[in-house]
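Peer 1: Take this structure, written in structure tokens, and hold onto it; I'll ask about it next.
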Amino acid sequence: MNDQKHTILLQSLPSTEVLRARLTRAIQDRDRGHQQVSGWASLRGLASQLTPPDLQPLTGPVERLEHYLQLAEERDSISARRPAGCFCLGLGGRGRAFTSNGTELWAETCGCPEGRVEQVKITNTLAHLADAEATVRKLRIWRVAEIPDRFQGWNLASSPLHTSNPKLMRTLLDWDCQRSWYFWGPYGRGKTGLAVGLARLALDTQDRPGMMLFRAVPQLLSEIRATYSRDEGQTEADLLALYTKTPLLILDDLGAEQVKPTGWVADRLYQIIGDRHANDKTTIYTSNLDIDTLRQKIGDRICWRIIEMCGEDHIVELRGANLR
Ligand SMILES: [Zn+2]
């Protein structure tokens, strides 16, 4: 990994406290699992004998989080040496984003000396674009939407569905940017890519600030939980308002979380999805589960609203080759 890529990775990490809290939870989960299967360590030992080293499932959540935590500490120590207010770790900006002609830029530049240099470069680049202003607006919306880095350059045109399912592709391209979608199927079938592609399509036709937001459902839930343990910053009500009012919300990986049809998780999801349903807000769901399985997991009241929001022809199963 080159230096810039590594630093971009550092920029994208959550705070050290958040990672520590996640690690504590993951260790608890692992230890609980340990009791149930009587021997996590021996299972893992077995798995490592059966799997080639680079495919080892290993590295379960605990090891991954320990690794991230190490990186976050590296980030914090770089950060401590930067000028006050600098968030870029010396890169000049954060959030790689693409202009309409494919030029890669920082979506947000920093106030530090490196940031001012980057700002001049960006201004010069944009001056060469015919619709510089709209481009900047769209970049900002895309940045604020928090589309994951690995989907930054995605659009429907680059989807393999063009050849594998041209009929679905036509329906997607004809989308009115209003009615909701539910994409489901096994891992790696391009569900999230399609959701991001549709968001890009919506951005091509309109560019209202704050018009879209991407959230993996487990992340959304832990963001809400995190508000309970702090006294300042965003409250639960702020977050719920954000999730319900944003005109286009991508809820990625619905049903991946541990959930019972009644209980805290289902209640929060119902608050968000029920409110979006009542106010006709567009929502793009992705899930590993078909609607019936999802219904058993998170309950009728939520599923009924998802079905109403999407309509049967917008509930789409993605099969075919694993794209990863
Ligand atoms: Zn900076």
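Nothing in this text is a laboratory measurement; each read-out follows from the coordinates by a stated rule. What you see is a predicted model, and the numbers here were worked out from it, not measured in a lab. Glycine gets a Cβ as well: all are built from the backbone with ideal geometry, and neighbour counts include every protein chain shown.
Peer 1: Output needed for the chain: three equivalent-ellipsoid semi-axes, defined as square roots of 5 times the C-alpha gyration tensor eigenvalues, in descending order, whole Å.
Peer 2: Three semi-axes, in Å: 31, 29, 21.
Peer 1: Here's another thing I want to ask about it. Do any cysteines in the chain lack another Cys Cβ under 4.7 Å, and if so which?
Peer 2: 177, 303, 310
Peer 1: Roughly how many nanometres apart are two label points built 7 Å out from the Cα toward the Cβ at residue 17 and residue 128?
Peer 2: Result: 4.4 nm between the two label points.
Peer 1: Rounding to the nearest 20 debye, state how big the charge dipole of the chain is about its Cα centre with +1 on each Lys and Arg Cβ and -1 on each Asp and Glu Cβ. Before the final figure, lay out the partial values.
Peer 2: Working: 41 positive and 40 negative charges, 49 e Å.
With Lys and Arg at +1 and Asp and Glu at -1, about 240 debye.
Peer 1: Determine, at each q value in 0.12, 0.16 (inverse angstroms), the log₁₀ of I(q)/I(0) that the Debye formula gives when each Cα of the range 149-317 is one equal point scatterer.
Peer 2: -0.52, -0.94
Peer 1: Something else now. Which is farthest toward the positive dipole end of the chain among 165, 298, 234, measuring Cα position about the Cα centre, with Cβ charges +1 (Lys, Arg) and -1 (Asp, Glu)?
Peer 2: Ranked along the dipole, the leading option is 165.
Peer 1: On to the next question. For a test of the definition: using alpha carbon positions, the gyration tensor, and the 1.5 limit on a/c, classify the range 114-164 as rounded, prolate or oblate.
Peer 2: Prolate is the answer for the range 114-164, as a/c is 1.5 or above and a/b outweighs b/c.
Peer 1: Right, next: Give me a comma-separated list of calculated 3J(HN,Hα) values for the range 275-285, in order, Karplus coefficients 6.51, -1.76, 1.60 applied at θ = phi - 60°, integers in Hz, x for any Gly or Pro.
Peer 2: 5, 5, 4, 5, 9, 6, 8, 6, 9, 10, 9
Peer 1: Another one. Taking the Cβ of residue 229 as the centre, find all other residues whose Cβ is under 13 Å away and add up their charges (Lys, Arg: +1; Asp, Glu: -1).
Peer 2: Working: positive: 20, 22, 25, 225, 230; negative: 17, 223, 231, 232, 236.
Once positives and negatives cancel, what remains is 0.
Peer 1: At 0.36 nm per residue, and after removing the present C-alpha to C-alpha distance, how many nm does the segment from residue 73 to residue 206 gain when stretched out fully?
Peer 2: 43.9 nm is the gain from fully extending residue 73 to residue 206.
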